[in-house]
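Trainee: Before I ask anything, let me first share the structure, which is written out below as structure tokens.
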Amino acid sequence: MKTQQERFSELCRDLLVSLGDAPEDGSGLHARLVAMMSRLEFADTVNSTLDLGEILDVFLLTAMGKMLTTTGVVLVQERPGRMTVRSSRGPGAAGARGREVRLRRPFKRPVIGPHDPQAPPRGGLASLFADPVLAPLGLALLVPVWHKEKFIGAAGFGRRFNGQSYGKTDLQYLDSLAAIAATAIENGLVYQEVRGLNRELQVKILQLTSLFDTSRELVTSFDPDDILKVAVNSLVGQTAVKRCLVLSWPAEGGSGPVAALKRGLPLNDGDRRRLAAIDTDGLQGLGGESCDLAAVRRLNRPLARLLGGWELECFFPLRTTGPRRDLLAVGRKLTGAELTGTDREFISTLSAQAVTAMENAQLHTQMVEKERLEKELSIARNIQKSLLPRSVPRVQGLDLAQASMPCYEVGGDYHDFIDCGDGRWGLVVGDVTGKSTPASLVMASVQASLRALTMQPGLEPAVLLSMINNLLFRSTEPNRFVTFFYGVVQPDSGGLEFVNAGHNPPLVVSRDGSTRELMGGGMVLGLFENAPYESHETRLDPGDLLLLFTDGLSEANDPEGEEFGEERIVETAHRLRHRGAAGICEGILDEVRRFQRGLKPHDDLTLLVAMKE
């Protein structure tokens with residue numbers, strides 16, 4: 001059944017056809033009918049879509065074509081006193097799109113601007129034409145857009161290229177066009193708002209899904225540090241924050257906080273010393289709710305000053321009944337935007353999950369620390385044996401050595417020596433998120449994939465890691481990923497082609513003690529499908545030391561929370577280079593044990609040394 005508007009349109013078309021041969025005295029009626037049909041077609045067009053951008057473009061282009069002008073903008077009032085340029089055409093108009101224009105008060109009638117030959121703007125609206133956004137466009141006319149009693153915005157037009165002013169007929173036409181477009185624009189704004197609500201709903205659904213997946217991951221872990229890693233990885237992945245930090249300190253006091261976990265925040269030894277010197281007594285007043293920097297400042301000014309300097313703005317206490325206290329500090333997003341209310345709700349819920357998981361982990365640790373199932377240990381040992389090389393190969397031109405210290409009976413660290421054929425050897429080191437058996441299972445999959453792929457001749461390192469990344473993405477849980485370094489060395493020439501997939505940069509120590517890092521290649525394995533990877537090349541000169549290690553070595557803590565660090569690794573290796581690769585490995589492990597002073601390792605430790613002869 002035809003709508004009333006369709007029947008009216010047909011009637012107008014019939015009238016136009018009948019007037020096709022009408023005498024001159026009917027021409028005025030003919031012109032009015034043509035104008036009416038034009039408006040009807042315009043109404044059909046703008047009401048045929050809910051896309052606000054398309055509606056505004058049709059409105060603007062239709063008006064510009066009729067008015068014979070090359071410049072035009074449509075401004076929409078999205079908040080009181082401010083209009084945003086949502087559509088623009090003409091020289092220099094593209095730069096105005098998305099910018100805000102200040103509006104003192106809405107206006108009812110079209111306003112002639114200073115660039116029209118007719119007259120200056122009336123009604124005190126001269127400042128609108130002089131706005132820094134609109135002034136460069138040289139607008140000659142502003143037409144308001146009202147929907148019933150609601151001010152929608154305005155359309156602005158430049159000078160007409162025929163040099164004529166905007167006359168009464170022009171203003172009447174633009175007024176009618178704005179009235180027709182107003183309903184469509186209002187519908188577009190409502191649709192945009194609904195879409196925004198839907199997007200927000202989708203974000204909440206994704207966050208709930210992430211929380212559900214994370215909770216499944218958390219309940220499988222019984223190590224507080226591991227739980228924090230899972231929670232922080234989920235936080236960073238879901239909210240795209242630029243940096244975050246977990247501070248930990250003893251519940252009974254006595255020492256300052258330490259950086260238990262960090263993302264996107266490089267801390268030097270001076271930062272750690274200043275952090276450790278802070279008195280934590282006032283932090284007991286944080287309670288269990290999230291807070292901002294001002295709340296932390298009221299309780300502890302030195303800590304707030306330090307955290308503010310690191311651009312951390314939002315804080316979530318992780319209060320447990322265990323022997324330690326934790327505080328999650330979060331900065332802004334990668335885009336520079338602040339956390340939204342939805343983001344804060346997500347992090348608060350995630351923090352509560354982490355606290356519950358940490359409480360459960362503490363209870364579980366007390367029960368299982370003394371007794372582990374022999375069957376699990378047997379399986380884990382077999383997995384560990386399958387991951388690690390049984391012996392160090394003898395390679396002409398290279399002196400190789402290895403060392404590994406899992407913090408439990410098995411670990412998630414992996415290293416390997418792979419015979420690539422034609423005299424080349426592959427050097428591998430990797431680290432799976434997590435520890436113990438789950439991490440070992442993932443690394444077993446990586447080892448099997450790597451061994452199988454290196455049997456294919458001519459496969460470049462970057463291509464090889466891309467294939468392993470896709471295999472991990474499809475076969476592991478979302479919160480599982482692997483940092484990985486794979487290098488192929490030519491022993492006789494010292495040429496080294498490598499790919500670093502988010503791993504600690506290996507260090508090359510020259511005879512004179514200078515060092516360089518092997519960085520670049522791509523992101524960690526297993527997070528995103530079809531992630532790009534690229535190979536890099538370098539050369540090992542005679543006497544150069546290549547040190548490959550996991551973060552369990554560089555981040556090994558002493559009882560005060562200070563990390564062993566890369567400087568100690570380099571210094572020890574250079575000092576002991578006369579002992580050869582095996583002597584360097586043994587010496588570095590001895591230094592770590594002395595540094596920790598009996599403290600149990602909190603992470604797996606792996607070291608691989610290659611010396612160019």
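Each value in this text was obtained by applying a stated rule to the coordinates, not by laboratory testing. What you are looking at is a predicted structure, and each value in this text was computed from that prediction instead of being measured. Counting neighbours? That spans all protein chains shown, and the Cβs are built from the backbone with ideal geometry, glycine included.
Trainee: Modelling each spin label as a point 7 Å along the Cα-to-Cβ direction, I'd like the H536/D512 distance in nm, to one decimal.
Mentor: Once both label points are built, they end up 2.1 nm from each other.
Trainee: OK, next. So how much slack lies between M367 and R104, counting 0.36 nm per residue of separation and subtracting their Cα-Cα distance, in nm? Working shown, then result.
Mentor: Details: separation 263, 0.36 × 263 = 94.68 nm, distance 6.93 nm.
Gain on stretching M367 to R104: 87.7 nm.
Trainee: Using only helices, what value at 222 nm comes out for the chain when you add -39,500 (n - 2.57) per DSSP H run of length 4 or more and divide by the total residues, to the nearest 500 deg cm²/dmol? Intermediate values should be presented prior to the final figure.
Mentor: Values: 16 runs with 253 residues, N = 613.
Computed ellipticity for the chain at 222 nm equals -13500 deg cm²/dmol.
Trainee: Arrange the following residues from fewest to most other Cβ atoms within 10 Å of their Cβ: M67, M455.
Mentor: Working: M67 22, M455 10.
Fewest-to-most Cβ neighbours within 10 Å comes out as M455, M67.
Trainee: Still on this model: Just want the answer: with Cβ charges of +1 for Lys and Arg and -1 for Asp and Glu, which residue in L68, G163, L52 is farthest toward the dipole's positive end in region 47-191?
Mentor: Of L68, G163, L52, it is G163.
Trainee: Rounding to the nearest 20 debye, state how big the charge dipole of the chain is about its Cα centre with +1 on each Lys and Arg Cβ and -1 on each Asp and Glu Cβ. Numbers along the way, then the final one.
Mentor: On the way: 69 positive and 77 negative charges, 425 e Å.
So the dipole magnitude of the chain works out to roughly 2040 debye.
Trainee: Given K262/K600; K150/K333; K333/K600; K148/K204; K204/K229; K375/K600, which pairs have Cα atoms separated by over 26 Å? Spell out each step's value before the answer.
Mentor: Numbers: K262/K600 21 Å; K150/K333 36 Å; K333/K600 36 Å; K148/K204 35 Å; K204/K229 22 Å; K375/K600 24 Å.
Long pairs (Cα-Cα over 26 Å): K150/K333; K333/K600; K148/K204.
Trainee: The chain: percent of C-alpha pairs farther apart than 45 Å?
Mentor: Working: 80422 of 187578 pairs.
Percentage above 45 Å: 43.
Trainee: Just tell me which aspartates and glutamates come within less than 12 Å, Cα to Cα, of K66; anything on the same chain fewer than 8 places away is out.
Mentor: D170
Trainee: Ok, one more. Let's test the formula: R0 of 56 Å, r as the Cβ-Cβ distance of R79 and A276. What FRET efficiency results, to the nearest 0.05?
Mentor: On the way: r = 47 Å, r/R0 = 0.83.
The pair R79/A276 has a calculated efficiency of 0.75.
Trainee: Okay, next question. Under 1.5 on a/c is rounded, so check that first for region 47-191, then, if it is not, pick prolate when a/b is larger than b/c and oblate when it is not; a ≥ b ≥ c are the square roots of the alpha carbon gyration tensor eigenvalues.
Mentor: Rounded, since a/c falls under 1.5.
Trainee: What shape does region 410-564 take by its C-alpha gyration tensor, where a ≥ b ≥ c are the square roots of the eigenvalues and a/c under 1.5 counts as rounded, a/b above b/c as prolate, and the rest as oblate?
Mentor: On the way: a/c = 1.85, a/b = 1.08, b/c = 1.71.
Oblate is the answer for region 410-564, as a/c is 1.5 or above yet b/c matches or exceeds a/b.
Trainee: In nm, what is the difference between 0.36 nm times the number of residues separating L206 and D269 and their Cα-Cα distance?
Mentor: Working: separation 63, 0.36 × 63 = 22.68 nm, distance 3.84 nm.
So the chain would gain 18.8 nm between L206 and D269.
Trainee: R0 = 35 Å: FRET efficiency of D422 with K375, Cβ-based, nearest 0.05?
Mentor: With a Förster radius of 35 Å, E is 0.20.
Trainee: For region 219-364, what class follows from the C-alpha gyration tensor (a ≥ b ≥ c being the square roots of its eigenvalues): rounded when a/c is under 1.5, otherwise prolate if a/b is larger than b/c, else oblate? Working shown, then result.
Mentor: On the way: a/c = 1.43, a/b = 1.02, b/c = 1.40.
Here region 219-364 falls in the rounded category.
Trainee: FRET efficiency for Q172 and F528, Cβ-Cβ distance as r, R0 = 51 Å, nearest 0.05? Intermediate values should be presented prior to the final figure.
Mentor: Values: r = 57 Å, r/R0 = 1.12.
That pair, Q172 with F528, gives E of 0.35.
Trainee: As I understand it, the value is the acute angle between the Cα axis of helix 341-368 and the longest principal axis of the Cα atoms of the chain; what does it come to in degrees, rounded to 10?
Mentor: Helix 341-368 and the main axis of the chain meet at about 20 degrees.
Trainee: Using Cα centres only, tell me the gap between region 193-269 and region 474-524 in whole Å.
Mentor: Taking the Cα centre of each part, region 193-269 and region 474-524 sit 27 Å apart.
Trainee: Which of the peptides 561-567, 262-268 is most tightly packed, and how do the rest follow, going by the mean number of other Cβ atoms within 10 Å of each residue?
Mentor: Working: 561-567: 17.0, 262-268: 13.3.
Averaged packing, sorted descending, gives the order 561-567, 262-268.
Trainee: Taking only C-alpha pairs under 8 Å that are 6+ residues apart, what is the relative contact order of the chain in percent?
Mentor: Numbers: 1094 pairs, mean separation 52.6, N = 613.
Value for the chain: 9 percent.
Trainee: Taking the Cα centre of region 375-612 as origin, work out the dipole magnitude from +1 charges on Lys and Arg Cβ and -1 charges on Asp and Glu Cβ, in debye rounded to 20. Please report the intermediate quantities before stating the final value.
Mentor: Working: 22 positive and 33 negative charges, 155 e Å.
With only Lys, Arg, Asp and Glu charged at Cβ, the dipole is about 740 debye.
Trainee: Which angle from 0 to 90°, rounded to the nearest 10, does the C-alpha axis of helix 4-18 make with the longest principal axis of the chain?
Mentor: The two axes meet at around 50 degrees.
Trainee: Could you give the length gained on full extension between E149 and E54, defined as 0.36 nm per residue of separation minus the Cα-Cα distance, in nm?
Mentor: Numbers: separation 95, 0.36 × 95 = 34.20 nm, distance 2.39 nm.
Contour length minus Cα-Cα distance gives 31.8 nm.
Trainee: For E555, E193, what's the fewest-to-most ordering of other Cβ within 10 Å of each Cβ?
Mentor: Numbers: E555 16, E193 11.
Ascending Cβ contact count within 10 Å gives the list E193, E555.
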